[in-house]
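The values are calculated or read from the model by the stated rules, or taken from the named source; none is laboratory data. Worth saying up front: this structure is predicted, and the values here are computed from it rather than measured. Reconstructed Cβ throughout: ideal geometry from the backbone, glycine too, with neighbour counts over all protein chains shown. Note: accessible area is taken over every heavy atom of the protein model, side chains too, but ligands, DNA and RNA are not part of it. Shrake-Rupley method; radii C 1.70, N 1.55, O 1.52, S 1.80 Å.
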Amino acid sequence: MTWSEAEYVDCLEAERRGYAWVMQHHGGLAPEEAEQAALECYPYEPAEDPYRGLVFHDEAWHWAMKAIHGDRHVVEHGTPRAGGSVT
């Protein structure tokens with residue numbers, strides 16, 4: 001995907017916020033710990049990085065739930081749908 005620096009940074013910040021929220025509300029981390037975990041999961045990648053933004057292929061909730069519950073979370077618990085149900 002080709003995007004401007006502003007678009008990349010906006011997406012990066014949004015995913016960090018989402019990840020930190022899940023880690024705080026579902027993972028039991030303090031706000032500062034959740035923010036640090038988000039920075040570690042979503043480091044800034046320079047524009048010349050060939051895989052820049054690849055982490056965005058799954059949403060923040062996916063990466064956070066994987067960090068909290070392990071690799072089999074989606075298989076065992078499904079994925080969230082609009083309205084809060086799971087499939």
So what J values fall out for region 68-73 if you push phi through Karplus, 6.51 cos²θ - 1.76 cosθ + 1.60 with θ = phi - 60°, rounded to Hz, Gly and Pro as x?
7, 10, x, 5, 8, 4
Just the accessible area per residue of the chain, please: how many Å² with a 1.4 Å probe?
68
Quick one: Karplus J couplings for region 8-20, per residue in order, coefficients 6.51, -1.76, 1.60, θ = phi - 60°, nearest Hz, x for Gly and Pro?
4, 5, 4, 5, 4, 5, 5, 5, 4, 4, x, 4, 4
HN-Hα J couplings of region 29-43 from phi, Karplus 6.51/-1.76/1.60, θ = phi - 60°, integer Hz, Gly and Pro as x?
7, 5, x, 5, 5, 5, 5, 5, 4, 5, 4, 6, 6, 10, x
The chain - percent of accessible surface contributed by carbon and sulfur, probe 1.4 Å
54
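Please report Rg over Rh for the chain, where both radii come from the alpha carbon positions and Rh follows the Kirkwood definition.
On the way: Rg = 13.8 Å, Rh = 13.8 Å.
A ratio of 1.00.
Given a Förster radius of 25 Å and the C-beta distance between H69 and A6 as r, what FRET efficiency does 1/(1 + (r/R0)^6) yield to the nearest 0.05? Provide the component values of the computation, followed by the final result.
Details: r = 34 Å, r/R0 = 1.35.
Calculated value: 0.15.
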Residues with amide H under 5 Å from that of L29, placed H, sequence gap 5 or more
Q24
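Quick one: net charge around P46, please, counting Lys, Arg +1 and Asp, Glu -1 for every other residue with C-beta under 12 Å from its C-beta.
Numbers: positive: R52; negative: E5, E45, E48, D49.
Charge balance in the 12 Å sphere: -3.
Grab the DSSP H runs of the chain that are 4 residues or longer, score each as -39,500 (n - 2.57), total them, divide by all residues and round the 222 nm result to the nearest 500 deg cm²/dmol.
-16500 deg cm²/dmol
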